[in-house]
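A short write-up of the structure that comes next.
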Amino acid sequence: MPIGEIKPELYKQQSEEEPCRERTPEAVGSLHFALVYNHEEKSLIVKIINAANLPAKDFSGTSDPYIKIYLLPDRKHKFQTKVHRKNLSPTFNESFTFTNVPYHELASRILQFVVYDFDRFSRHELIGQVVVKDLNGDLCNSHEKDYIADILCINQEKIDIGEVMLSLCYLQTAGRLTVTIIKARNLKAMDITGSSDPYVKVALMCRNKQIKKKKTTVRKSTLNPVYNEALVFDIPTENIDECCILVQVKDYDKVGSNEVVGYCGVGMQCVGQGHNHWVEMLDNPRKPTAHW
């Protein structure tokens, strides 16, 4: 996880809640889809028709897009389209059915389309997402409803001040999130000696409020610290999509205040790698997932 995703100087006069707050999204293409609710079978049928004007994510100037579909808050049952190679305006024409969905539950369900660029050799890159709420109002009859929606993504300016490797594991039955800070590399030197005394502070955020915070031990005089320390947080399953973790790397100072090296966020409302890592954790319950 690149900790330069958020410039630390932007937050000197702001609270630690700030990096998890919503920022203005940018349209990165459009998605054409249709929905119909079958009252007799209590099922929601999702038809993905096409996407248009997607951004190029590959060096060749194109992308290999596909879409994952969720009916939140349930993440166990998801669907995925086929991958369309080298196509910025793919036609999907695929239908998926969410079964056992009573009509009265639609008011509290959220339909989420997450668009990715497939990569055979590395992690698939997030392009953006479409979120549909208030499903019961739109689908009160059994008629098919057509939608064309912007695919939204939030861009962040990046600077190179190092990376931190962390592992996430969520145990749904216990409502327990384990964040293991494994190590960091190529951190920015904060001391006049050309080194740092780094430690990592992790804050659990929910609805832009800090719920709990924990930190690792300090590693002296190193820009490539190894921690292997597990930090455990309690998050009920019904709140997992509203939460994120703010990972803050700081330089310990015995005399003055501890100086911030950088931040990164991981959660459903985060973007890029932070979003992808969280989704991968939820898709693989009880299994640790580690990434830089």
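The values are calculated or read from the model by the stated rules, or taken from the named source; none is laboratory data. On a predicted model such as this, the values are computed, not experimentally measured, just so you know. Neighbour counts run over all protein chains shown; Cβ positions are idealised from the backbone, glycine included. Ligands, DNA and RNA are excluded from the accessible area calculation, which covers all protein heavy atoms including side chains. Shrake-Rupley method; radii C 1.70, N 1.55, O 1.52, S 1.80 Å.
Roll a 1.4 Å probe over the protein chains and send me the accessible area per residue for segment 152-292 in Å².
On a per-residue basis, 47 Å².
Can you compute the charge dipole magnitude of the chain about its Cα centre, using +1 on each Lys and Arg Cβ and -1 on each Asp and Glu Cβ, nothing else charged? Give it in debye, rounded to the nearest 20.
Around 860 debye, computed over the chain.
Within segment 168-195, which residues have the backbone N less than 11 Å from the label spot 7 Å out from E229 along Cα→beta-carbon, could you tell me?
Under 11 Å, as judged by backbone N against the label point of E229, lie 181-182 of segment 168-195.
What chymotrypsin sites (Phe, Trp or Tyr not before Pro) does segment 19-120 have in DSSP loop regions with at most 10 other beta carbons within 10 Å?
Passing sites in segment 19-120 are F59.
Heavy atoms only, probe 1.4 Å: what % of the accessible area of the chain goes to carbon and sulfur, would you let me know?
Looking at the chain in its full context, I get 48 percent from C and S.
Report the convex hull volume per residue for segment 55-162, counting only C-alpha atoms, in Å³. Provide the component values of the computation, followed by the final result.
Details: hull volume 16.7 nm³, N = 108.
Considering the Cα atoms of segment 55-162, their hull volume per residue is 154 Å³.
Rounded to the nearest 0.05, what FRET efficiency do N38 and N87 have when you use their Cβ-Cβ distance and R0 = 30 Å? Mind showing how you got there, number by number?
On the way: r = 31 Å, r/R0 = 1.04.
With R0 = 30 Å, the Cβ-Cβ based efficiency is 0.45.
Nearest 0.05, what FRET efficiency do D191 and E144 give at R0 = 45 Å with Cβ-Cβ as r?
0.10
Give me the angle, in degrees from 0 to 90, between the Cα long axis of helix 272-283 and the longest principal axis of the Cα atoms of the chain, rounded to the nearest 10.
The angle comes out at about 70 degrees.
Where nothing but the Cβ of Lys and Arg (+1) and of Asp and Glu (-1) is charged, how large is the charge dipole of segment 78-150 around its Cα centre, in debye to the nearest 20?
Around 360 debye, computed over segment 78-150.
Rounded to the nearest 500, what is the chain's calculated 222 nm mean residue ellipticity when only DSSP H runs of at least 4 contribute -39500 (n - 2.57) each, over all residues?
-1500 deg cm²/dmol
Enter the accessible area per residue of segment 30-77 (Å², integer; probe 1.4 Å; all protein chains in place).
About 43 Å² of surface per residue is accessible.
Hey, if you drop one equal point scatterer on each alpha-carbon of the chain and run the Debye formula without solvent, what base-10 log of I(q)/I(0) do you get at q = 0.06, 0.07, 0.11, 0.14 Å⁻¹?
At q = 0.06, 0.07, 0.11, 0.14 Å⁻¹ the computed log10 ratios are -0.22, -0.30, -0.71, -1.07.
Would you mind checking K212/K250; K188/K220; K42/K209 for any pair whose Cα atoms are more than 25 angstrom apart?
K42/K209, as the Cα separations exceed 25 Å there.
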